[in-house]
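The values are calculated or read from the model by the stated rules, or taken from the named source; none is laboratory data. Just so we're clear, the structure is a prediction, and the values are computed from it rather than from any experiment. Heads up, the Cβs are rebuilt from the backbone with ideal geometry, glycines too, and the neighbour counts pull from every protein chain shown. We work out accessible area using only protein heavy atoms, side chains counted, and drop any ligands, DNA or RNA first. Shrake-Rupley method; radii C 1.70, N 1.55, O 1.52, S 1.80 Å.
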Amino acid sequence: MYLVASINTEVCAATSCKLCTQYCPEANTILYNNDAGKDQGLKYGSAYVSVDRCKGCAQCVWVCDNMAKHNAIKMEMIDQIGDQALTQNIIYGEKSTTAVLANPVPG
Amino acid sequence: MSLDYVKFTPGFDRFMPKEYRDMVEHGPFGKKTTVSQVGSFKEILEEHPMCAGCAMTLFIRLAMISFPNPEDTITVGTAGCGRLAISQAAIPFVYGNYGDQNGVASGLTRGLRLRFGDKPKDVVVMAGDGGMADIGFAQTLHSWFRKEKFTTIMLDNEVYGNTGGQESGMTNRNQVLKMAPLGKKFEKMDMLGMAKVAGCAYVATVVPNNPRRVENVIKKAVLIAREIGPTYIQAYTSCNIEYAIPIDKVMEDAKAVELDRYKFSEYVSEEAREYLADQYGYKEYMPKPAPALAKS
Ligand SMILES: Cc1ncc(C[n+]2csc(CCOP(=O)(O)OP(=O)(O)O)c2C)c(N)n1
Ligand code: SF4
Ligand code: SF4
Ligand code: SF4
């Protein structure tokens, strides 16, 4: 098993800055949902990781901790993080995306 | 090479893979997408085998997002790490023999002009420091001296990354590498100086830890190459494997190198400034209004 990035929606949506989406070396991997967290009264929407594209480099963790100073991203084992966004389940909208979450490790 | 090639063939759309459908329906084609919108549209770059956390990967990703007209852009590359990603994008990629990239791009640019006239088709070369400053040195310089109108981007990781760590002309003096165990004996080549001497209309250095700046530099270089002359960007894109940079320290390294020897620099010829101001509304290059006369 291997590590992938996982973004805490509550922490990100409280202060969101979109920096990690610009610094992830992989394309189409950290996406943004403008509505995430709004049902809990959080303001900004949140970044999230399409985990099947993540190469586990942890640069986003460094960017969130040191540049954004928000500490919203942790590296976690792919088989232990529960349901996540996967490329096949991402829905692109006009200005934002959403993802139907699913278990990243098949059966 | 137009918006027509990013459409579905009638009747086939439902058979296309999801990534392809997303690209057609939510990609950047025909829109003006920017780095600040990433995460909300489908990028043209797809999955590729470059190393995890490689700064060259990040730079290529940002460059692809920054192309002013991706539907009218062709990239040219050669052997080296970068082509592993550049070839995996939804725009045409031409693979030159090692070192041939600026020769290939010269012919391609001229051919496109014959075929499409004044309608801009952007040719962008991206190749490593070895491919450009060593093996392809003559072709690079000659394309500049001939004033070929396309953009040349050096992915400068200061080493031959793809073949396991030989020194290149762009490696720094005294640098020890796996295949240069005694350290390099001479200085890093001044390709920026040579680009200016050879007559490039735009010359810039950039480091990928400033995504908006990368965007700005790429856009200017591509636009200027359409009409004014050759443009050259030299990007520091570290190799975490050959320089043993821990992958979560790649951005720290980029910052340190930026401060040390890769400070942002930009040369824009007078003609290019006027062109950017007149054709594309670049305020920074518009003539400053004459100061109001002081009342006597
Ligand atoms: C004519 C020829 N000579 C040698 C090679 C082997 N080769 C492939 S990649 C490479 C080095 C690439 O180094 P650089 O251009 O700096 O790019 P990097 O991999 O560092 O990005 C070499 C020597 C080749 N493919 N063709
Ligand atoms: S850097 Fe951190 S706070 Fe900013 S968008 Fe990414 S996860 Fe959210
Ligand atoms: S760990 Fe690396 S590849 Fe994965 S989301 Fe973070 S920056 Fe991107
Ligand atoms: S070998 Fe170096 S330059 Fe090549 S992909 Fe790996 S980290 Fe990047």
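Annotations for the structure displayed:
- Mean separation of Cα pairs under 8 Å and 6 or more residues apart, divided by the residue count, gives chain B a relative contact order of 17 percent.
- Charge context of B:TYR280, other residues only, Cβ under 13 angstrom, K/R +1, D/E -1: +2
- Above 16 Å, the calculated P(r) of chain A contains 54 percent of its Cα-Cα pairs.
- Taking a quarter of the surface of the Cα convex hull of region A:67-107 gives a mean projected area of 4.3 nm².
- In region B:45-127, the GluC sites (Glu not before Pro) that fall in loop regions by DSSP, at most 16 other Cβ within 10 Å: B:GLU47
- Based on Cα contacts under 8 Å between residues 6+ apart, region B:107-237 shows a relative contact order of 27 percent.
- Listed residues B:GLN166, B:GLN139, B:GLN279, most fluctuating in chain B (Gaussian network, C-alpha, under 10 Å): B:GLN279
- Average partner coverage of B:33-43, which counts Cβ from other chains inside 10 Å: 6
- With a threshold of 22 Å on the Cα-Cα distance, the over-threshold entries among B:LYS220/B:LYS283; A:LYS55/B:LYS32; B:LYS185/B:LYS255 are A:LYS55/B:LYS32; B:LYS185/B:LYS255.
- Within 10 Å of the Cβ of each residue in B:9-20, the mean number of Cβ atoms contributed by other protein chains is 1.
- Integer Hz, Karplus 6.51/-1.76/1.60 couplings in order for region B:112-119, x for Gly and Pro: 5, 5, 4, 6, 10, x, 7, 5
- The Rg/Rh ratio of chain B, with both radii computed over alpha carbons and Rh defined as the Kirkwood radius, is 0.99.
- Region B:117-135-region A:39-65 distance, computed between alpha-carbon centres (Å): 34
- Charged-residue dipole, Cβ positions (Lys, Arg, Asp, Glu), region A:3-86 about Cα centre, Debye nearest 20: 320
- Cβ-placed point charges (K, R +1; D, E -1), dipole of chain B about Cα centre in debye, nearest 20: 560
- Zero-based 10 Å bins, Cα pair distances in region B:1-121, whole percents: 12, 39, 36, 13, 0
- The distance separating the Cα centre of region B:229-296 from that of region B:25-58 comes to 21 Å.
- Mean ellipticity per residue at 222 nm, deg cm²/dmol - from DSSP H runs of n ≥ 4 across chain B, formula -39500 (n - 2.57): -9500 deg cm²/dmol
- Between B and A, buried accessible area from a 1.4 angstrom probe totals roughly 2600 Å², ignoring ligands, DNA and RNA.
- 222 nm mean residue ellipticity, helices alone, for chain A (DSSP H n ≥ 4; -39,500 (n - 2.57); rounded to 500): -3000 deg cm²/dmol
- Loop-located trypsin sites (Lys or Arg not before Pro) in region B:111-178 (DSSP state not H, G, I, E or B) with no more than 15 neighbouring Cβ atoms inside 10 Å: B:ARG146, B:LYS147, B:ARG173, B:LYS178.
- Shape call, region B:49-110: gyration tensor on alpha carbons, a/c limit 1.5: oblate
- Taking the Cα atoms of the protein assembly as shown, the ratio Rg/Rh between the radius of gyration and the Kirkwood radius comes to 0.99.
- Label-to-label distance, B:GLU284 versus B:LYS196, with points set 7 angstrom from Cα along the beta-carbon direction: 1.7 nm.
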